[in-house]
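Working notes for the structure below.
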Amino acid sequence: MDLRPFETDNSVSCRLSSQIPDVCQTEDCCLGIDEAGRGPVLGPMVYGICFCPVSKKQELKESKVADSKTLSEAERENLFQKLDEAKSYLGWALQILSPNTISTSMLQRTKYNLNALSHDTAIGLIQYALDSGVQLTEVFVDTVGPAEKYEEKLSKLFPGIKVTVRPKADSLFPVVSAASICAKVARDRVVKGWNFAEDLGEVDVDYGSGYPNDPKTKAWLLKYLDPVFGFPQFVRFSWSTAQTLIDNKGVTVHWDDDDEDGEKAAQRQNNRSMLAYFSSSAGGNDQNPTHRFFTERRLKSLDRL
Amino acid sequence: MSCNTSVTRVDVSSVGQAQRAPVHLLPCEIEHNGPAQVSQYLTATTKDCKLEKTVSFRGRGLKGQELSCPQGYTGLVLKEINKPGSDQEDRTVKVSSVFDKLTYWNLETPPNSDDTIVMAMDWPELAEAIHGPVED
């Protein structure tokens, strides 16, 4: 697994993939999808697919791939080696969603939530397999959100493919376990070797699991909190853990699409709230309104500081 | 203000010693007046594409571009050295740095010619046409 394409720019989303085995382009294939790193406040979320001919299902089962969460990091690395050695019939692909992609998507003006992002990523990977000529007949997916709805959505998008969406699919279907291992191995490696784009000098890499409730992760976040910029791009700003720390320890930042309301916001923005019309000075009309040319350019004549 | 008779002076003699500084205009209001780790965070993570620059600030995606000051103009960053004790006193601001271009950033929107700051740069030329000496 060569992570360099992602590591050269870890602020965006990146696809990595194995060679497509020849046999996958001629025989009916099954494909499994799983993700790694959905919960952590640090690092990327990785989506993985694994695919092989339906006739090889038994072989995959015998290689004893199991749900990646029940394995140690070393066991996962070993199993990934095994999967990689089966390249004559087994293929994989990954989509690495950088923490910056997650932050900027979830905090977009028109909010793009994590479930939608997950669904679109999974769909993109299935489409990638199809476009690469993999003869897909069965797809197994670990669910995000309600399984039935998701299954219906995928079945409609990919007619002719039998889609099975299940909670805990990674422990039910070996091909999903295999996908889960690929995703988790990539996530672990990326987090371990994170290349900070910020100019922070030597960065302490003792960030724990990355989960918000891990004391090590919390301590790391506090250590690397900058009052103005918040955090490095390694942190998911859209996580409430990160937001709360910034709210408490950072300086306040106002955006024009903030949904703050009331008198205070109006005062800050130097315009009138509805309430102002009920006060004594209501209706004070400006004798000399500024021309549109200036208001459109936010140009003001400055008479005092 | 009519009740305020204080005068504000700009001490332009400091222009000569002033450093040229990179200036960024962000699409948000930051409640902070003072130093910030701009080069370590913002400059270091800025991606330069053909038509625009991209970066993120506080987890929000920004797109921006460089904009030059109008021909014949210099941008000044002013700083008040001694804050007055009352609003009746005269005030003096010094030039702390100068710039002839700045980088402005939009929230998610690619930079374009309708951006307020781009349009604002029309004013000096128009002002010259309106207020400048009339030639026969």
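Observations
- Seen from every direction in turn and averaged, the convex hull around the alpha carbons of chain B projects onto 12.4 nm².
- Part-to-part distance (alpha-carbon centres) for segment A:1-47 and segment A:121-184, which is given in Å: 14 Å
- Average accessible surface for chain A: 52 Å² per residue, computed with a 1.4 Å probe over protein heavy atoms with every protein chain in place.
- Those GluC sites (Glu not before Pro) in segment A:161-266 that DSSP places in a loop and that have at most 13 other beta carbons within 10 Å: A:Glu202, A:Glu260
- In segment B:107-121, the residues that give up 30 Å² or more of accessible area when the other protein chains are added, compared with the chain on its own (1.4 Å probe), are B:Leu107, B:Glu108, B:Thr116, B:Met119, B:Ala120.
- With all protein chains kept in place, the per residue accessible area of segment B:37-136 amounts to 61 square angstrom at a probe of 1.4 angstrom.
- Amide proton proximity set for B:Phe57, modelled H, under 5 Å, gap of 5+: B:Leu62
- With every protein chain in place and a 1.4 angstrom probe, the accessible-area ranking of B:Arg9, B:Arg20, A:Arg297, largest first, reads B:Arg20, B:Arg9, A:Arg297.
- Computed from point charges on the beta carbon alone (+1 for Lys and Arg, -1 for Asp and Glu), the dipole magnitude for segment A:3-193 about its Cα centre is near 460 Debye.
- Unsatisfied cross-links (Cα-Cα over 19 Å) in the set A:Lys82/A:Lys192; A:Lys153/A:Lys184; A:Lys87/A:Lys162; A:Lys82/A:Lys184; A:Lys111/A:Lys156: A:Lys82/A:Lys192; A:Lys153/A:Lys184; A:Lys87/A:Lys162; A:Lys111/A:Lys156
- Across every direction, the projection of the convex hull enclosing the Cα atoms of the protein assembly as shown has a mean area of 30.5 nm².
- Simple Cβ-charge dipole of the protein assembly as shown, Lys/Arg +1 and Asp/Glu -1, about Cα centre, in debye nearest 20: 840 debye
- Only protein atoms count toward the accessible area here, which uses a 1.4 Å probe; on the protein assembly as shown, the carbon and sulfur part of that area reaches 50 percent.
- For A:5-16, mean number of other protein chain Cβ atoms within 10 Å: 1
- Prolate/oblate/rounded call for segment A:131-183, Cα gyration tensor, a/c under 1.5 rounded: oblate
- Accessible surface buried once B binds A (1.4 Å probe; total of both sides; Å²): 3500 Å²
- Whole-number Å³ per residue for the convex hull built on Cα positions in segment A:3-193: 113 Å³
- List of segment B:44-62 residues, accessible area with partners at least 10 Å² below that of the chain alone (1.4 Å probe): B:Ala44, B:Thr45, B:Lys47, B:Ser56, B:Phe57, B:Arg58, B:Gly59, B:Arg60, B:Gly61
- Loop-located GluC sites (Glu not before Pro) across segment A:60-156 with a Cβ neighbour count of 12 or fewer within 10 Å are lacking, with loop assigned by DSSP.
The values are calculated or read from the model by the stated rules, or taken from the named source; none is laboratory data. The model shown is predicted, which means the values in this text are computed figures rather than measured ones. No Cβ is skipped: glycine too gets one built from the backbone with ideal geometry, and neighbour counts run over all protein chains shown. These area figures cover heavy atoms from the full protein model, side chains too; ligands, DNA and RNA do not enter into them. Shrake-Rupley method; radii C 1.70, N 1.55, O 1.52, S 1.80 Å.
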